[in-house]
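The values are calculated or read from the model by the stated rules, or taken from the named source; none is laboratory data. Please read these numbers as outputs of a predicted model, since none were measured by experiment. Heads up, the Cβs are rebuilt from the backbone with ideal geometry, glycines too, and the neighbour counts pull from every protein chain shown.
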Amino acid sequence: MSTDNLFLRASNLTKRYGVDGQDQHPVTVLTDVSIQIDSGQTVAITGASGSGKSTLLHLLAGLDGPDAGSVIIDGLSMFDLDEAQRCLVRNQKLGFIYQSHHLLKEFNALENVALPLRVAGLKISQAQTAAYSMLTSVGLADRAKHYPSQLSGGERQRVAIARALVHLPRYVLADEPTGNLDEVTADEVSDLLFELSNKHDIALVLVTHNRDLANRASRQLTLSNGLLTGSNGLLSS
Ligand SMILES: Nc1ncnc2c1ncn2[C@@H]1O[C@H](COP(=O)(O)OP(=O)(O)OP(=O)(O)O)[C@@H](O)[C@H]1O
Ligand SMILES: [Mg+2]
């Protein structure tokens, strides 16, 4: 496969809410936002609450559609695909980490981590072997049979990281992955995220309010008034 188009590129994304005539107060959240994420890059996106960070991540993952613009993932134009095809691209290429873990409560940690592999069609035994290995990488081998309700907040977030990385996607999109954790646990969770992304050559797009965390990324961007810009001169590419 050609390596020419191995990047995630969003071009001229515009997103408005409340333009369907029902809402008296339409808001334009993103205006003409463009960003390219290359293989293995780490990119931090900061911005005030309500500035559109989650909206942007959802668009990058094709979880929501823009009013204008495109998202191309390794040569595949997400909004020209149908929903089933988008799901396939997400399953093959992306991992998503939410601020609160979004684990399935009726599945134990191992089953949660195995999910992307099951969706990809792996047999249970193969999926669970790989899931156990990833759970071991996040230090939770001994919690494999625990259900989300039996795990601490930091442990749940580590399971969520294992689930986002288990299928070795090319891109992980993380929405304030440490936002609900105390400082020490947040540091541990972000160490893991950077360490594992680096080990598996996964590009990481990280939304965070935490300046220290943002500074660990190779590029820092800020969303403000619908525009995405490099912040404090640190933009490296
Ligand atoms: N489904 C929706 N319908 C209408 N407005 C929405 C919807 N989702 C988000 N918004 C609005 O879009 C703006 C951006 O929301 P978004 O969740 O992307 O912000 P954010 O930067 O992630 O904020 P936070 O840091 O608080 O998570 C907000 O003003 C919000 O009220
Ligand atoms: Mg958000």
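Before moving on, here are some points about what is shown:
- Considering G95, G52, the condition of being at pLDDT 95 or above, closer than 21 Å to G121 by Cα and buried (at least 21 other Cβ atoms within 10 Å of the Cβ) is satisfied by G95 alone.
- Test: residue in the range 15-23 that is crowded, with 17+ Cβ neighbours inside 10 Å, of a type outside the set (D, E, K, R) and part of a strand (DSSP E or B): no
- Here N12 clears all of (1) away from ligand 2 (no atom under 16 Å from the Cβ); (2) at positive phi; (3) surrounded by 14 or more Cβ atoms within 10 Å (Cβ to Cβ) except the condition numbered (3).
- Search result, residues across the range 27-48 that are farther than 28 Å from H200 by Cβ and more than 15 Å from ligand 1 (Cβ to nearest atom): D32
Every residue, every condition in (1) of a type in the set (A, V, I, L, M, F, W, C); (2) touching a strand residue (DSSP E or B) at 6+ places or on another chain (Cβ under 6 Å); (3) closer than 28 Å to N12 by Cα; (4) surrounded by 23 or more Cβ atoms within 10 Å (Cβ to Cβ), yes or no:
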| site | (1), (2), (3), (4) |
| --- | --- |
| A162 | yes, no, no, yes |
| L165 | yes, yes, no, yes |
| P169 | no, yes, yes, no |
| L173 | yes, yes, yes, yes |
| D201 | no, no, yes, no |
| R219 | no, yes, yes, no |
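- In the range 100-116, the count of residues that are touching a residue at least 24 places away in the same chain (Cβ under 8 Å), more than 30 Å from R143 (Cβ to Cβ) and buried (at least 19 other Cβ atoms within 10 Å of the Cβ) is zero.
- Total residues in the range 15-35, condition more than 18 Å from the chain's Cα centre (by Cα) and more than 16 Å from ligand 2 (Cβ to nearest atom): 13
- Any chance D38 is within 22 Å of A174 (Cα to Cα), away from ligand 2 (no atom under 16 Å from the Cβ) and exposed (fewer than 15 other Cβ atoms within 10 Å of the Cβ): yes
- Residue among A61, A68, A44, A48 that alone is of a type in the set (A, V, I, L, M, F, W, C) and away from ligand 2 (no atom under 16 Å from the Cβ): A68
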